[in-house]
Amino acid sequence: MIESKSFKVCVFCGSKSGNHEKYLKIAFKVGEELSKKKYSVIYGGGKLGLMGALAEGVSANNGDLFSIIPKYFQDKDVILKNSNKVIFTKDFYERKKMMIKYADIFLILPGGYGTLDELFEVISLNQLNIIKKKVVLLNINNFWNSLKVFIKDMKNKGFLYTKENIIFKTSVAKTIEFIENSLNNK
């Protein structure tokens, strides 16, 4: 169980670095800013890519970092060792379930299929009113522009009930401000 007196921000992001160093710098800055605000950060526990940069940013400010990791990775050299709390789950599904349960809000950085899976899970749960937790995507280098167009297209073609549970922000400052306003209004 994740015990924390502060708000818990669950960050979904890639275990790869992407093809522009800006992705890593922004992930580090997000971790740094979230820890300055005294938010607990829940993430996938990796030390590589954006996950690693995020964790470094949190650790640089002695922030609360909670890793939720599938046992699949237990014997691989991809896990960050200095989290405040590490929880191993039996599989990826259980990890996602725990991250969703403990988070107060979701922040999505660039990533691959795993990040998209996590993103669509929380969007779907919100749309069904199973959870009521905001989802904010940090649109670094216009990474999420194609998704914005796709969501609009699905809505226009009558396949979505709503898209309002997805918020796009273009800077770390605007993202942190949105998180702060959302959590303070809980």
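The values are calculated or read from the model by the stated rules, or taken from the named source; none is laboratory data. In this text the structure is predicted, and so the values were computed from the model without any measurement. Counting neighbours? That spans all protein chains shown, and the Cβs are built from the backbone with ideal geometry, glycine included. For accessibility, only protein heavy atoms count, side chains too; no ligands or nucleic acids. Shrake-Rupley method; radii C 1.70, N 1.55, O 1.52, S 1.80 Å.
Which residue, chosen from Ser124, Val9, Asn62, occupies the Cα position most advanced towards the positive end of the dipole of the chain, where the dipole is computed from +1 (Lys, Arg) and -1 (Asp, Glu) charges on Cβ about the Cα centre? The residue sitting farthest along the positive end of the dipole is Ser124. Each part gets one Cα centre, and for the stretch 92-143 versus the stretch 23-73 those centres are 16 Å apart. A crude spin-label estimate for the pair Lys36 and Asn19, with each label 7 Å from Cα along the Cβ direction, gives 3.2 nm.
Based on DSSP H segments of at least four residues, each scored -39500 (n - 2.57), the chain has a per-residue ellipticity at 222 nm of -13500 deg cm²/dmol.
With every protein chain in place and a 1.4 angstrom probe, the accessible-area ranking of Lys22, Lys174, largest first, reads Lys174, Lys22. If you model the stretch 83-186 as an ellipsoid using its alpha carbon gyration tensor, with each semi-axis the square root of five times an eigenvalue, the axes come out at 22, 18, 15 Å, biggest first. With bins 10 Å wide beginning at 0, the percent of Cα pairs of the chain falling in each bin runs 10, 40, 38, 12, 1.
What you get for the stretch 40-186, charging only the Cβ of Lys and Arg (+1) and of Asp and Glu (-1), is a dipole of about 340 debye around the Cα centre. What pairs from Lys96/Lys174; Lys8/Lys36; Lys132/Lys169; Lys96/Lys133; Lys29/Lys174; Lys71/Lys132 go past 23 Å between their alpha carbons? Long pairs (Cα-Cα over 23 Å): Lys96/Lys174; Lys71/Lys132. In the chain, excluding the sites themselves, the longest stretch lacking any of the GluC sites (Glu not before Pro) that are in a DSSP loop with at most 11 other Cβ atoms within 10 Å is 4-163. Compared with the dominant principal axis of the Cα atoms in the chain, helix 145-156 is inclined by about 40°.
Peptide packing for 107-116, 7-16 was compared via the average number of neighbouring C-beta atoms within 10 Å per residue; ordered from the highest value, the list is 7-16, 107-116.
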